[in-house]
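Some notes on the structure that comes next.
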Amino acid sequence: MTNPIDLLIPTQNIHLQVREYPRKADAVLCLHFGGGNLMMWQRVVPVFQKRNHLVLVDLRDHGRSDKPGTGNDIDQMARDLLGVLDYLKLEQVHILGSSLGAEVGLSLAANHPEKVKSLVCDGALYSEYGPYGIWAGNQAAFQEYVVKKLKAIQERPVDTYPSIGDFVEARKKVLLGFGAWNAYIEAFVAYDANKLEDGTFTRSFGRQAAENYMRSYFNCRFEDYYRRVKCPVLMVTSDEEPENPLEKSATLKMSGLPVNGRLAVLPGWNHPYGWMLDPDEMVKLVLEFLEQFNQSRT
């Protein structure tokens, strides 16, 4: 096993925190969910590291990357990654993305197909509105909904804590409510603590960045991206019935758009914390997908 190399890589007038596990093999670029960071992959690194060159990234305004509070749409974040790939001299990568990471990976695969060998999407399975969306009402009602959601983010208090320990304990109380806590999640949360100028700590993904991302997200139509993706795509969903009945049909329709895509149902998958809680079946699914891709190349 190789030791990780931590790098702060310049790209698009900011710096992204990157953790690289070098190996003479195909590179897998791992992209975390919104509000997450590169530590979400720590439990699965030993398995993927045996076969692949791993590159873990803190997206802008996350983890220990720069936090400009701007450029939080998926296309800009995908352009950020181009600088990372150039810096690391990686001509092509497989992408493993969770939620926001899946969206950013989708943008990279659609807009820069020469850079992406394959794409795994644990997320980006439906749009919020439109023929591939989950909104049942008309456009006017949807816009009212968007305004309310954005206002709620704008008015959300910024909680700060005197120490990393206090920050972790507060997040633990929240996450325990979802049954999402163990040593991996504790390390993930501690890494997320962002020190402010007054010495207190808060979450890395700030309110302004979250508002900017959500404003873009509500208007994003993932179907426009999937239609342009040429590489093999694996889209993964849980077997549980969604709260919104439109979600399942939208996901099924979306999965038919990539020219070389398929939808896999993973019973009991806990999105997105499953990567730190119980990732074995997901890892097996992803490795089988990558192996099939490698076999098809030879």
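The values are calculated or read from the model by the stated rules, or taken from the named source; none is laboratory data. Computed from a predicted model, the values in this text were never measured in an experiment. Cβ coordinates were reconstructed from backbone atoms using ideal geometry, including for glycine residues, and neighbour counts include every protein chain displayed.
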Please tell me if Met235 is assigned to a helix (DSSP H, G or I) and not acidic (Asp, Glu).
-> no
Tell me which of these Ser249 doesn't satisfy, since it passes every other one: (1) without any contact (Cβ under 8 Å) to a residue 24 or more places away in the chain; (2) under 21 Å from the mean Cα position of the chain (by Cα); (3) closer than 21 Å to Ser127 by Cβ.
-> (2)
Would you check if there is a residue in region 3-25 being in contact (Cβ under 8 Å) with a residue 60 or more places away in the chain, outside any strand (DSSP E or B), farther than 26 Å from Asn219 by Cβ and not polar (S, T, N, Q)?
-> no
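Here is a check on your reading of the model: is Glu114 of a type in the set (D, E, K, R), part of a loop (DSSP other than H, G, I, E, B) and either within 18 Å of the chain's Cα centre (by Cα) or closer than 22 Å to Leu31 by Cβ (or both)?
Here the answer is no, as Glu114 does not meet what is asked.
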Go through region 132-177 and count every residue that is surrounded by 15 or more Cβ atoms within 10 Å (Cβ to Cβ), among the β-branched types (Val, Ile, Thr) and part of a loop (DSSP other than H, G, I, E, B).
-> 2
Single unsatisfied condition, Leu38 versus (1) under 14 Å from the mean Cα position of the chain (by Cα); (2) surrounded by fewer than 24 Cβ atoms within 10 Å (Cβ to Cβ) = (2)
When the residues of region 253-298 are filtered to those that are part of a helix (DSSP H, G or I) and polar (S, T, N, Q), which remaining residue is modelled with the lowest pLDDT?
-> Ser296
Pick out the one residue from Leu106, Leu125, Leu96, Leu81 that is buried (at least 18 other Cβ atoms within 10 Å of the Cβ), assigned to a strand (DSSP E or B) and within 17 Å of the chain's Cα centre (by Cα).
-> Leu96
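Among the residues of region 186-226, how many are farther than 18 Å from Leu16 by Cα and not in a helix (DSSP H, G or I)? Please lay out each step first, then the result.
Narrowing region 186-226 to residues farther than 18 Å from Leu16 by Cα: 186-187, 189-190, 196-202, 207-208, 211-212, 214-226.
Okay, now just the ones that are also not in a helix (DSSP H, G or I), so 196-202, 219-221.
Of the residues in that region, 10 qualify.
Could we say that Pro242 is more than 19 Å from the chain's Cα centre (by Cα), at pLDDT below 95, not in a helix (DSSP H, G or I) and not basic (Lys, Arg) here? First the steps, then the outcome.
Values: more than 19 Å from the chain's Cα centre (by Cα): yes; at pLDDT below 95: yes; not in a helix (DSSP H, G or I): yes; not basic (Lys, Arg): yes.
Yes, satisfied.
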Does region 57-67 include one or more residues that are aliphatic (A, V, I, L, M) and in contact (Cβ under 8 Å) with a residue 60 or more places away in the chain?
-> no
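Assess whether Ser204 counts as being surrounded by fewer than 17 Cβ atoms within 10 Å (Cβ to Cβ) and of a type in the set (S, T, N, Q). Talk me through it step by step, then tell me what you get.
Details: surrounded by fewer than 17 Cβ atoms within 10 Å (Cβ to Cβ): no; of a type in the set (S, T, N, Q): yes.
So Ser204 fails the test.
On the given criteria, is Leu246 within 24 Å of Asn37 (Cβ to Cβ) and not small (Gly, Ala, Ser)? Give the derivation first.
Numbers: within 24 Å of Asn37 (Cβ to Cβ): no; not small (Gly, Ala, Ser): yes.
Taking the combined requirement at face value, the residue does not satisfy it.
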Residue hits (region 49-65; over 13 Å from Ser107 (Cβ atoms) and under 17 Å from the mean Cα position of the chain (by Cα)) are Leu54, Val55, Leu56, Val57, Asp58, Arg60, Asp61, His62, Gly63, Arg64, Ser65
